[in-house]
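Here's the structure we're looking at; comments come further down.
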Amino acid sequence: MEYDDLTDLDPAATLAAVEERVRARRAGEVADMLLALHWCDLHSADPQALPGAVPARRGGDRLLRIGGDGTPEVAELCFAELAIARGAGVVATENEVAAVLDLRHRMPLLWGAVRRLEVEAWVARKIAKDARRLDRDRVGIVDAAVTAAVHESPGRLIAIAEAKIIEADPELHRARLEEDAQRTGVWLSKVRPGQIVDEVTGEPATRRISAKVPTGAAIRCDENVDDLAEVIFDNTPPDAAGNRPTHAECRLAAFEMLTTDPHRAVAFLDELAAGQPADDVAPSPKRPRRPAKIVLHLTDRVLCGQDQGVARVEGLGPMLLEQLGELLDGRDLVVQPVIDLDVTKSVNGYEHPTAVKQRTLLRTLGDVFPHSTNRGVVRLDHDHATPYDPGGPPGQTGDHNDAPLTRKHHRAKTHRGYDVRQLSLGAYRWVTPHGLARMVTPSGTRKIEILRAKDGSVAGEIYPGTGLDYRPRT
């Protein structure tokens, strides 16, 4: 059925079409999972048994069990190419395939319900993942319970699974409780792309601080904030209009005082205990100033005042220029030289210099493997897109031959026969072992078609839908 023109559909026909689309979507997801399982079956042989295999200790491929107890092992590096075909990240692909392996080999009843289109695939995968720690002989309790309730809502089905997972192995759950009690800390929220301007969840002027602490400590922390908030309220006179601060405003003031300037909080309470007015509280002792390192990405037009600009602050996301004042307040600033990305540099050694790595990461924004979601600047290998030749010409290492990759992507590229070429600064052409072709730029990953010479070698590429093609000069 075509959906470009729906004007002839009455309400009943519209609902029928919606139901059909649900079935079609579920059937498509089942087909996706079956293909993923078939890919695993095709890569179940031990790569280390192949002639000339690179040892796993040197980064070579190996069999790995990514699912739970009872699932088969699969060649670790095979998922990189599957991820490219799916237009997804390697880690996300591995996680999803692991859950599908769990369903087929550990939860056959629920897997049957998925194949009959009785339950949403994402719900089944989540349940399979949540039950992964259970031994194969215990997970059947969860399998039977959730399959008997597949017509419940997703939330109810997940709640049933959660209870049955605990019931299946109470000792395992107690161990998880003890493990969780050790994972404590305090974190500043990270901004994800789109959150700055999102109308529903966007928070452009604030950041969240979250803490994971033992229950008793959390309660005491809340009590301390509440106690100080009450004192602040009691000692804050009404404004000219007779308004008093709200309880929430006082709690925020108490939290800020306790965490950003505890000396002032102590002095504030001591002065009140001594019967002195709150206004007489002495200023807090001078705190050591902390350094600030912020990388701003600005165009020359913004710097010249020709365009309105937004500063992209690494680790924090986009910000208006006037927001930087709050960010830098109380910090010692060191101004570093401007990094001109139009400048390139090459050296005669094998290792990429720090200056080259920095410019490459500023151009690429991170990992250049197709569909990679890693946009960080740490724990990346700087690989030579064109392999380094110790006996080759000088200047092989530089901006023109630098491909940042995560270690797993680097291993897949090295040991699975990927063909990658850096076409320009920040542009990389990939051809997988089975012929999938992708172009990776700072704008993302797009599908391309390969032009080949008579001898089968790659001669260029075509960009579908654009009418453009690239053929290197001979």
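I'd like to know if the range 40-48 contains one or more residues that are of a type outside the set (S, T, N, Q), outside any helix (DSSP H, G or I) and within 29 Å of the chain's Cα centre (by Cα). Checked the range 40-48: at least one residue is of a type outside the set (S, T, N, Q), outside any helix (DSSP H, G or I) and within 29 Å of the chain's Cα centre (by Cα). All conditions in (1) more than 30 Å from Glu19 (Cβ to Cβ); (2) among the hydrophobic types (A, V, I, L, M, F, W, C); (3) touching a His at 6+ places or on another chain (Cβ under 9 Å) hold for Val139, with the sole exception of (3).
Screening Glu29, Glu94 for residues that are among the charged types (D, E, K, R), open to solvent by less than 60 Å² (accessible area, probe 1.4 Å), in contact (Cβ under 8 Å) with a residue 60 or more places away in the chain and farther than 18 Å from Thr414 by Cβ leaves exactly one candidate, Glu29. Of everything in the range 12-23 that is open to solvent by 40 Å² or more (accessible area, probe 1.4 Å) and of a type in the set (A, V, I, L, M, F, W, C), the residue that is nearest to the chain's Cα centre (by Cα) is Val22. Of all the criteria given as (1) open to solvent by 70 Å² or more (accessible area, probe 1.4 Å); (2) in contact with a Gly (Cβ under 6 Å, 6 or more places away or on another chain), the one not satisfied by Val54 is (1). Within the range 430-450, the set of residues being within 21 Å of Ile339 (Cα to Cα) and touching a residue at least 40 places away in the same chain (Cβ under 8 Å) comprises Pro442 only.
For the range 290-368, the strands (runs of 3 or more DSSP E) that sit wholly inside it and include 1 or more residues that are over 22 Å from the mean Cα position of the chain (by Cα) and modelled with pLDDT under 65 are 290-292, 310-313, 317-320.
Residue-level check: of (1) under 23 Å from the mean Cα position of the chain (by Cα); (2) closer than 16 Å to His409 by Cβ; (3) not polar (S, T, N, Q), Asp61 misses just (1).
The residue that is farthest from Ile84 (Cα to Cα), counting only those in the range 423-474 that are modelled with pLDDT of 85 or more and acidic (Asp, Glu), is Asp455. Contact map, the range 395-409: first residue small (Gly, Ala, Ser), second residue in a loop (DSSP other than H, G, I, E, B), Cβ cut-off under 6 Å, separation 6 or more or different chains; pairs are Gly398/Lys345; Ala403/Val368; Ala403/Ala385. Would it be correct to say that Leu82 is surrounded by 12 or more Cβ atoms within 10 Å (Cβ to Cβ) and in contact with a Phe, Trp or Tyr (Cβ under 6 Å, 6 or more places away or on another chain)? Yes.
If the condition is being open to solvent by 10 Å² or more (accessible area, probe 1.4 Å) and either among the β-branched types (Val, Ile, Thr) or farther than 30 Å from Asp340 by Cβ (or both), then the range 408-426 contributes Lys408, Arg411, Thr414, His415, Arg416, Gly417, Tyr418, Asp419, Val420.
Could you please let me know if Gly60 is touching a residue at least 40 places away in the same chain (Cβ under 8 Å) and in a loop (DSSP other than H, G, I, E, B)? The answer is yes for Gly60.
Yes/no per residue for (1) open to solvent by less than 70 Å² (accessible area, probe 1.4 Å); (2) among the charged types (D, E, K, R); (3) out of contact with any strand residue (DSSP E or B) (no Cβ under 9 Å at 6 or more places or on another chain):
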residue: Thr360; (1), (2), (3): yes, no, no
residue: Arg363; (1), (2), (3): yes, yes, yes
residue: Phe369; (1), (2), (3): yes, no, no
residue: Thr373; (1), (2), (3): no, no, yes
residue: His384; (1), (2), (3): yes, no, no
residue: Tyr388; (1), (2), (3): yes, no, no
residue: Gly392; (1), (2), (3): yes, no, yes
residue: Thr397; (1), (2), (3): yes, no, no
residue: Asn401; (1), (2), (3): yes, no, no
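Of the residues making up the range 248-277, those that are assigned to a helix (DSSP H, G or I), open to solvent by less than 50 Å² (accessible area, probe 1.4 Å) and more than 19 Å from Glu223 (Cβ to Cβ) are Ala267, Glu271.
Take Pro108 and tell me if it is within 29 Å of Cys40 (Cα to Cα), surrounded by fewer than 17 Cβ atoms within 10 Å (Cβ to Cβ) and at pLDDT below 90. In short, no. Considering the range 410-429, and only residues there that are assigned to a strand (DSSP E or B) and touching a residue at least 40 places away in the same chain (Cβ under 8 Å), the residue that is farthest from the chain's Cα centre (by Cα) turns out to be Leu423.
The values are calculated or read from the model by the stated rules, or taken from the named source; none is laboratory data. Since the structure is predicted, the reported quantities are computational estimates derived from the model, not experimental observations. All Cβ positions, even for glycine, are placed from backbone atoms using ideal geometry, and neighbour counts span all protein chains on display. What goes into the accessible areas is simple: the full protein's heavy atoms, side chains included, and nothing from ligands, DNA or RNA. Shrake-Rupley method; radii C 1.70, N 1.55, O 1.52, S 1.80 Å.
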